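Notes to accompany the following structure.
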Amino acid sequence: MGIVVESSSSSSSTASSYTSVTALDAFGNSQQLRNAQEASRRYGRLVVASLACSSSEAGRKDSIVVCSVWTPRWGLAREEEENLMKMVQVVSGDDDEEMTAICMSGVSADATHLLGQLRNEAIRLYWDRFNTNCPPKYVADCLSRLLLQFMGYDTSSEWSLFSLSDDNNNMGRPFGVSSLALGISSRGNEEAEILSVDPGGAQQSWVARALGRDSDEANRRLEQTWKDNMTAEEAQTMCTHILRNIILEENDNNGNEDLVLVCETLSPHRGVQVQRIPLVNLEKPET
């Protein structure tokens, strides 16, 4: 009898402390979303992205530079390590004239799941139905809906091209991932695009943006150093120096020997070009 009473008391205590995944606080905010945002900032790789011109004469921001920090993992096959260190993942387009990609920082398992969903959606709708590249705005919208699946909103009365309202896609928690939807095109006078999507699905357009650990400080420095009509080389120099300075300040110059900066440049007719720069080889910027 005593065991039954103790078990009942324990269950009551547990039940009283349980908070529903869809519960909101007194200010209308989701605690689960706050946890997801914290996870993306705490566990995500620091990434800095910027729009750029493919040449100083072009005058059109048709390229995107994405730089991130990578700690080499010894024992991995070279091909496997190269896949892991890349932050830019192509979602749609492989002709180098028009491409949409995604960059995610946060919980890696969540990012992998979301990437698969986005690629399936791009193929299902744009390649199979419209026979065209999936634009970055659609990818951002699709991602926003995926991120909010855990809230269980009824979207049956909403007009949408998305097929994400299936019960099989419902999640029990939010995703701890912050993302950048990236798009480039060589057609007409279209410029490259960077759209941020936070764990709550909120979107915003940027000329330069940072994600992951220490992203608040990186974004502050981007506001101070970004200039219009920068070439891809100038944008890469800006991004790598921001990463370098933040790393050195945080680690006090210790334990940085193995760190590598991975620079990925998306540009029309060239696709995604990847460059590895050991942190110790990066010159200190002039002050």
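FYI, it's all coordinate maths here, none of it is from the lab. Owing to the predicted nature of the structure, the values given are computational and were not obtained by experimental measurement. Here the Cβ positions follow ideal geometry from the backbone for every residue, glycine too, while neighbour counts run over all protein chains shown.
Can you give the local net charge around Gln203? Use residues other than it whose beta-carbon is closer than 15 angstrom to its beta-carbon, Lys and Arg +1, Asp and Glu -1. Let's see the in-between values first.
On the way: positive: Lys137, Arg145, Arg209; negative: Asp141, Glu193, Asp198.
Summing Lys/Arg as +1 and Asp/Glu as -1 gives 0.
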For this session: Give me the net charge of Ala36's neighbourhood, meaning all other residues with Cβ under 14 Å from the Cβ of Ala36; Lys, Arg count +1, Asp, Glu -1.
Result: +1
For this session: Take peptides 119-126, 80-87, 259-266 and line them up by average Cβ neighbours within 10 Å, highest first, as a rough protection proxy.
Result: 259-266, 119-126, 80-87
